[in-house]
Number of protein chains: 2
Amino acid sequence: MSKIKNDLILKVLRGEKTHRAPVWMMRQAGRYLPQYMDLKNKYSFFERCETPELAATITLQPVDILQVDAAILFSDILVVPKAMGLEVQIIENKGPLLPAPIKSVEDLKRITLPDVEDKLHFVMEAIQLCKQQLDGSVPLIGFAGAPWTILCYMVQGKGSKTFDEAKAFCYTNPSLAHHLLQMIADTTIRYLKAQASAGADVLQVFDSWAGLLCKEDFDTFSYPYLLQITQALKDTVPVIIFAKGAWQSLETLAGSGASALGIDWCITPETARSMAGEKIVLQGNLDPVKLLSPIPEIIKETTKMLASFGAQKHIANLGHGILPNVPVDHARAFIDTVKNNIYPSF
Amino acid sequence: MSKIKNDLILKVLRGEKTHRAPVWMMRQAGRYLPQYMDLKNKYSFFERCETPELAATITLQPVDILQVDAAILFSDILVVPKAMGLEVQIIENKGPLLPAPIKSVEDLKRITLPDVEDKLHFVMEAIQLCKQQLDGSVPLIGFAGAPWTILCYMVQGKGSKTFDEAKAFCYTNPSLAHHLLQMIADTTIRYLKAQASAGADVLQVFDSWAGLLCKEDFDTFSYPYLLQITQALKDTVPVIIFAKGAWQSLETLAGSGASALGIDWCITPETARSMAGEKIVLQGNLDPVKLLSPIPEIIKETTKMLASFGAQKHIANLGHGILPNVPVDHARAFIDTVKNNIYPSF
């Protein structure tokens, strides 16, 4: 049993009833917070990620400032390709750059299955520090990118609207793509197991580019690796899969062993529920841009969103990461509205 | 009756049976063609758009080179905000820039309902030239952006992953947003009527950013204006609506009076058909990145796509614009595969 004081999200993920939906926000430890910007202006991206004290401080900021129901580790999905041996640069305010991406079978020789406890020790240390500093107040969510999304960056070498080179790589060299996806999946399983051992209470897998694939390609290049990950982890800690845009595969994903599925705002909660079935927890899905509305609108839209999900089996969140230009009191209005909405049967 | 030799697409849009699906590609007059690149290197974007001889030459290139079943006018959706009085720059290889976007009620004073025959005379002249030069070989498709998509650019002032400022404008000033949307819709109706009068045989409305809106917001800020446009035009020429990503509204859109609905590759043809109903023509939906696959794969995937749509009520196309890095013979493999797939009952 958990010794965590506010274990609302753990209860929901275990299938237990709660008096309201727990709430957190993707990218809640980030650029909309002035306290984060202070650290961003002093330290480079990888300094912030790779210095456990900094990562822990940033992770706890939204817990202190907004009283969210869970902390999510401050880190980046691209620590995995970096640990596998690829150079990863983060160009501030621009995005990632991998100057020597994977294009051929030769390039695969440049990457390895890393010893994650060694290469990513700073993540486990940050998790341990977070757990100490949280002192049982709320659960800590660890995370990793889905193999498909990590492949996108490893092959394309940078952000892209279409990830055309990554997709063309898969269509042209499917066996090479599967070899790479398997290496990423193996690394990710080790990495997430280490996060759980270090103290992460929940794990979220971000498949940010799932929505670029037609259903058949998602079933081919993404889902099998998500399934491996959830199967390897689910008996240790609950897993949340956020496969952004993969609405056509909600039914499939509901059978993956994940405890919850994240959904974006481009599907109604009612449609998502009918596709995913009655059993699984759904997480989401307010359009992040709604937090730029006036506060009364935010309260109205959040209340409407909560009603659409109905009571139980829901973790309130945005449908994607919070935007950097959201005022803190707007984020607070979202969080507080969820907290004020007690389920009718209570 | 049409005097066009290859009137396959017109027949399909009229609900008549054909021996195969007609085929064209969004952005077929564009950067993947070396003949287009020659002109791109000599003339600026607006020179190409606003010089009827150049626009007509570019429009006819894919008809000559690939023998597609329809020409689509070479132009840009942003000629409309330009005609309404906003400065529009196209930064080559980067995208649009509107240096003085609409942010307030004051800014609305800077735009007007233009006399489209005057401000956009070059479009009508290009259409007349195209019709002369096509000499009845294939139909000509005219087009415009949907009011929601045009508002995105008029308010955001440039391309964006989220169009957060445009959406926040709508959420914060809904009455102002509706006023602007109505001005764009009124201009667009005049513009499309003028295109039809000049000789366009079919009109496509591109709602490229429909998929950024949750269903309720699409119903509020996009659909009413699409409906006005189709209702105003449908008795003159058939209208195709391509509301990219608006899969949740296919049923609604099927009742708009449009003759066909475009779909992207992120919905299966079977699901789209079940949502849109049996009556309407569907257009799409091969993932444009598939054209970077080896040719045998392109043939396989195109054949599979055709089978998923089934016989009749289908216009073969990509699920979005053709990418600049597609080899011409790959595009030809797509076109030829469609042409070689005769419906079984024939």
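Assorted remarks:
- Pairs spanning more than 26 Å between alpha-carbon atoms, out of A:K279/A:K304; A:K11/A:K82; B:K279/B:K304; A:K42/A:K244; A:K244/B:K313: A:K11/A:K82; A:K42/A:K244; A:K244/B:K313.
- Span from the the range B:178-228 Cα centroid across to the the range A:193-228 one, whole angstrom: 38 Å
- Lysines whose Cα lies under 18 Å from that of B:K131, excluding same-chain neighbours fewer than 8 positions away: B:K3, B:K5, B:K193
- Length-normalised contact order for the range A:55-173 - Cα pairs under 8 Å, 6+ apart - percent: 33 percent
- Options A:M305, A:P52, A:F74, ranked by Cα towards positive dipole end of chain A, top entry (Cβ charges): A:M305
- 0 to 90° range, to nearest 10: angle between helix A:147-156 axis and chain A longest Cα axis: 50 degrees
- Inter-copy label distances at B:D118, shortest first and taken from points set 7 Å along Cα to Cβ: 7.6 nm.
- Our coupling estimate for the range A:3-20, obtained by passing each phi through the Karplus curve with A = 6.51, B = -1.76, C = 1.60 and θ = phi - 60°, is 9, 7, 5, 9, 9, 3, 5, 5, 4, 4, 5, 7, x, 7, 7, 9, 7, 7 Hz, Gly and Pro reported as x.
- Normalised by the number of residues in chain A, the average gap of Cα pairs under 8 Å and 6 or more apart makes the relative contact order 21 percent.
- Exam field: B:Y343 pseudo-label spacings to other copies (7 Å along Cα-Cβ), nanometres: 5.2
- Label point of A:V105 (7 Å along Cα→beta-carbon): distances to the other copies' equivalent points are 6.9 nm, sorted ascending.
- DSSP-assigned coil residues among GluC sites (Glu not before Pro) in the range B:247-346, each with at most 14 further Cβ atoms within 10 Å: B:E278
- Part-to-part distance (alpha-carbon centres) for the range B:243-290 and the range B:80-151, which is given in Å: 26 Å
- For chain A, calculated [θ]222 nm from helices alone, where every DSSP H run of n ≥ 4 adds -39500 (n - 2.57): -13500 deg cm²/dmol
- Summing charges over neighbours of B:Q133, with a neighbour being any other residue whose Cβ is under 13 Å away from its Cβ, gives -3 when K and R count +1 and D and E count -1.
- Axis of helix B:174-198 versus longest Cα principal axis of chain B: the two differ by about 50°, to the nearest ten degrees.
- Between helix A:121-134 and chain A there is an angle of about 10 degrees, using the helix long axis and the longest principal axis of the Cα atoms.
- Antiparallel DSSP beta bridges within chain A, percent to nearest 5: 15 percent
- ³J(HN,Hα) computed for each position of the range A:327-342 - Karplus, 6.51 cos²θ - 1.76 cosθ + 1.60, integer Hz, glycine/proline x: x, 4, 5, 6, 4, 5, 4, 5, 4, 5, 4, 4, 5, 7, 8, 7
- Neighbour cut-off at most 13 other Cβ (10 Å), DSSP loop, GluC sites (Glu not before Pro), the range B:41-71: none
All of the numbers you see were taken from the coordinates with simple rules; none came from a lab. Worth saying up front: this structure is predicted, and the values here are computed from it rather than measured. Cβ atoms come from the backbone with ideal geometry, glycine included; neighbour counts cover every protein chain shown.
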